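Q: Below you'll find the structure I mean.
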Amino acid sequence: FLQDKVNWMSNQQIVLVTTSMKDSREWHRNEISIIESVVENPVPGVGAAVILRDPVSYQHLANSGYQGEVGLLSRQIIVQGNEASEPTDPDPRNCITKRSIFGDNRQPCANTELTGFGGHIMIHSGGKGYVEGVELYRMGQTNVLGRYPMHFHLLEKGCSDCYFRDSSVHRSFYRCVSIHGTHNIIVSENVAYNATGFCYYLEDGVERNNRIEFNLGAHIHMLGPEPPWGNGQKIHSFTQNENLTLPADVSASAFYITNVHNYIIGNAASGGWSGFAFPVLQEPTGPYRGAKLRPPLSETSLMIDGNTAHSTSWWWKHSAGFYMGGALFYNEDDVLEYNAGRDLTRPKRSPCLVDKCKTGHKNNCREYCQPYEQAWLKMTNTKAFLVAGVGLNSWNGRTEIIGYECHDCGLFLEALSTDGFWGHDMLGVCRSKTP
């Protein structure tokens, strides 16, 4: 049963998203099915009933607290790589770790699935992109910078009416949608499933005023060695190398929000190291490094509202459905480095009402934000469920959480900072006794 009416048709593919805590390449409970027929309003209060061609293989939960998502993969227009796009180094899915997580010691095999070489679409050099109703399959090129299924590349404000919407991305070898050096575009109502690396991706931390709304990202795979973890709050860092173009991809999630000055509304994340990642960037990366631009960590949030994360945070007890932690920076060797844990050696997020690049002494972008200039990062109407670690974790201060609920999570909420944390209208259902 679906909550809303749909215009889906017989023979189309849908994905039934997992409602298990663990979601990984070697063990998951997602499944792709074929529609046999659709019945509108089968009973009062139900938008549609979808009859499948074959019985489902797994249980998919729906209760008063939470429900699994169903996403349409099929579209009338298909852009795809051929069978030769598939990786020549597939994960054998038989790797065992000495570490046991809830009695399970299986994990993705290190440095596998690195050779996927699919197609890519790039809007660049003053181009315009209006993409709707398209299915992208076997797209992206693993670890190749700029080769993503859908890529808005360095368009600045020149594509303010552009969009990618009502489309699907599945079996992606590198990301789903990248917004890179581009502002004011719309990424809305898309379904992304089975993707390697961060999926919905704000690339360098300078991207502002974009609308990322009502998208689904599910079954997200990490790159590199084993998934990051540690015994305390700290994790050893990872550096950029030939097998890891972006070191943060060791902790890939469905949504990679390097700049909070965007509209992040109504999205759903399933799987990945975390669901929504909000890493701290002291300075922009890539071609914007060294430019006189506002540091990403000082940006104020526009709207982060109505988002959901589940079946994530399996690999480390401090990772989270919504994870405001991790630091991406250039090290002493001028190489990108990522610390997925709590990094006390570097500046933390510090939202500021003014742009110090314009108002600071000698236009110093890193000038201290005075108390009367300080802002808070605000999240509203947020939900996490079936999260093995933490529902919501903030290593940063000045965070305001209004309207948050967490069902069947290892830990409801974690917040560590001397700068203040505010939570209001929150609900925790630690154990719902759902089978």
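The values are calculated or read from the model by the stated rules, or taken from the named source; none is laboratory data. Keep in mind it's a predicted model, so treat the numbers as computed, not measured. Cβ atoms come from the backbone with ideal geometry, glycine included; neighbour counts cover every protein chain shown. Ligands, DNA and RNA are stripped out before the accessible areas are found, and what is left, the full protein with its side chains, is counted by its heavy atoms. Shrake-Rupley method; radii C 1.70, N 1.55, O 1.52, S 1.80 Å.
Q: Which pairs have Cβ atoms under 8 Å, sit 6 or more apart or on different chains, and link a residue in the range 110-127 that is farther than 30 Å from Thr97 by Cβ and of a type outside the set (Phe, Trp, Tyr) to one that is open to solvent by 60 Å² or more (accessible area, probe 1.4 Å) and assigned to a loop (DSSP other than H, G, I, E, B)?
A: Qualifying pairs under 8 Å: His120/Arg147.
Q: Next question. Residues of the range 354-379 being among the aliphatic types (A, V, I, L, M), touching a residue at least 40 places away in the same chain (Cβ under 8 Å) and in a loop (DSSP other than H, G, I, E, B), which ones?
A: Of everything in the range 354-379, just one residue is among the aliphatic types (A, V, I, L, M), touching a residue at least 40 places away in the same chain (Cβ under 8 Å) and in a loop (DSSP other than H, G, I, E, B), namely Ala375.
Q: Against the definition (over 29 Å from Pro227 (Cβ atoms), of a type in the set (Gly, Ala, Ser), out of contact with any strand residue (DSSP E or B) (no Cβ under 7 Å at 6 or more places or on another chain) and modelled with pLDDT of 95 or more), how does Ser188 come out, yes or no?
A: Answer is no for this residue.
Q: Something else: I'm checking my understanding of the structure. Among residues of the range 230-254 that are over 17 Å from the mean Cα position of the chain (by Cα) and of a type in the set (Ser, Thr, Tyr), which one is surrounded by the most Cβ atoms within 10 Å (Cβ to Cβ)?
A: Among those that are over 17 Å from the mean Cα position of the chain (by Cα) and of a type in the set (Ser, Thr, Tyr), it is Ser237.
Q: Moving to a separate point now. Are any residues in the range 152-171 charged (D, E, K, R) and either part of a loop (DSSP other than H, G, I, E, B) or within 18 Å of Gly71 (Cβ to Cβ) (or both), and if so, which ones?
A: So in the range 152-171, the residues charged (D, E, K, R) come out as 156-157, 161, 165-166, 171.
Hits for the range 152-171 are Lys157, Asp161, Arg165, Asp166, Arg171.
Q: Now for a different question. Based on this model, can you work out whether Val56 counts as open to solvent by less than 60 Å² (accessible area, probe 1.4 Å), of a type in the set (Val, Ile, Thr) and outside any strand (DSSP E or B)? Even if it seems obvious, please write down each step before you answer.
A: Details: open to solvent by less than 60 Å² (accessible area, probe 1.4 Å): no; of a type in the set (Val, Ile, Thr): yes; outside any strand (DSSP E or B): yes.
Criteria not met by Val56.
Q: Let me ask something else. Among the residues of the range 135-151, what is the count of those that are touching a Gly at 6+ places or on another chain (Cβ under 6 Å) and either at negative phi or in a strand (DSSP E or B) (or both)?
A: Total satisfying the criteria: 4.
Q: Scan the range 81-134 residue by residue and report those that are within 30 Å of Glu189 (Cβ to Cβ), open to solvent by less than 80 Å² (accessible area, probe 1.4 Å) and assigned to a strand (DSSP E or B).
A: Scanning the range 81-134 gives Gly119, Ile121, Met122, Ile123, Val131, Val134.
Q: Looking at (1) among the small types (Gly, Ala, Ser); (2) under 25 Å from Asn262 (Cβ atoms); (3) part of a loop (DSSP other than H, G, I, E, B), which is the one condition that is false for Ala384?
A: Answer for Ala384: the failing condition is (3).
Q: Sort out which residues of the range 60-80 are at pLDDT 95 or above, surrounded by 12 or more Cβ atoms within 10 Å (Cβ to Cβ) and part of a loop (DSSP other than H, G, I, E, B), and write them in order of number.
A: Once the filter is applied, which keeps residues that are at pLDDT 95 or above, surrounded by 12 or more Cβ atoms within 10 Å (Cβ to Cβ) and part of a loop (DSSP other than H, G, I, E, B), the range 60-80 yields His60, Tyr66, Gly68, Glu69, Leu73, Ser74, Arg75.
Q: Further question: With Val6, Val15 as the choices, which residue is modelled with pLDDT of 95 or more, under 26 Å from the mean Cα position of the chain (by Cα), in a loop (DSSP other than H, G, I, E, B) and closer than 24 Å to Ile77 by Cβ?
A: Every option except Val6 fails the conditions.
Q: In the set Tyr137, Tyr148, which member is within 26 Å of Pro225 (Cβ to Cβ) and touching a residue at least 40 places away in the same chain (Cβ under 8 Å)?
A: Every option except Tyr148 fails the conditions.
Q: So, one more: Given the structure, is Cys369 modelled with pLDDT of 95 or more and open to solvent by less than 20 Å² (accessible area, probe 1.4 Å)?
A: no
Q: Can I ask one more? Give me the residue from the range 172-199 that is assigned to a loop (DSSP other than H, G, I, E, B), within 14 Å of the chain's Cα centre (by Cα) and free of Cβ contacts under 8 Å to residues at least 40 places away in the same chain and, out of that set, farthest from Val131 (Cα to Cα).
A: Arg175
Q: Moving to a separate point now. Residue pairs, Cβ under 6 Å, 6 or more apart or interchain, first in the range 37-60 and farther than 21 Å from Met9 by Cβ, second open to solvent by 40 Å² or more (accessible area, probe 1.4 Å) and of a type outside the set (A, V, I, L, M). List them.
A: Within 6 Å, the pairs are Tyr58/Arg29.
Q: Among residues belonging to the range 342-366 that are under 25 Å from the mean Cα position of the chain (by Cα) and open to solvent by 40 Å² or more (accessible area, probe 1.4 Å), point out the one that is nearest to Thr258 (Cα to Cα).
A: Lys348
Q: May I ask you to list the residues in the range 217-257 that are under 20 Å from Val169 (Cβ atoms) and among the β-branched types (Val, Ile, Thr)?
A: Ile220, Thr245, Ile257 - these are the residues of the range 217-257 that are under 20 Å from Val169 (Cβ atoms) and among the β-branched types (Val, Ile, Thr).
Q: How about the range 395-435: which of its residues are at pLDDT below 95, open to solvent by 60 Å² or more (accessible area, probe 1.4 Å) and not in a loop (DSSP other than H, G, I, E, B)?
A: Phe421, Trp422
Q: Filter the range 279-303 down to residues that are open to solvent by 50 Å² or more (accessible area, probe 1.4 Å) and touching a helix residue (DSSP H, G or I) at 6+ places or on another chain (Cβ under 7 Å), then give me how many there are.
A: 3
Condition check ((1) more than 30 Å from Gln107 (Cβ to Cβ); (2) open to solvent by 10 Å² or more (accessible area, probe 1.4 Å)) across all residues:
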{"site": "Val177", "(1), (2)": "no, no"}
{"site": "Thr182", "(1), (2)": "yes, no"}
{"site": "Gly197", "(1), (2)": "no, no"}
{"site": "Arg211", "(1), (2)": "yes, yes"}
{"site": "Pro225", "(1), (2)": "no, yes"}
{"site": "Pro228", "(1), (2)": "no, no"}
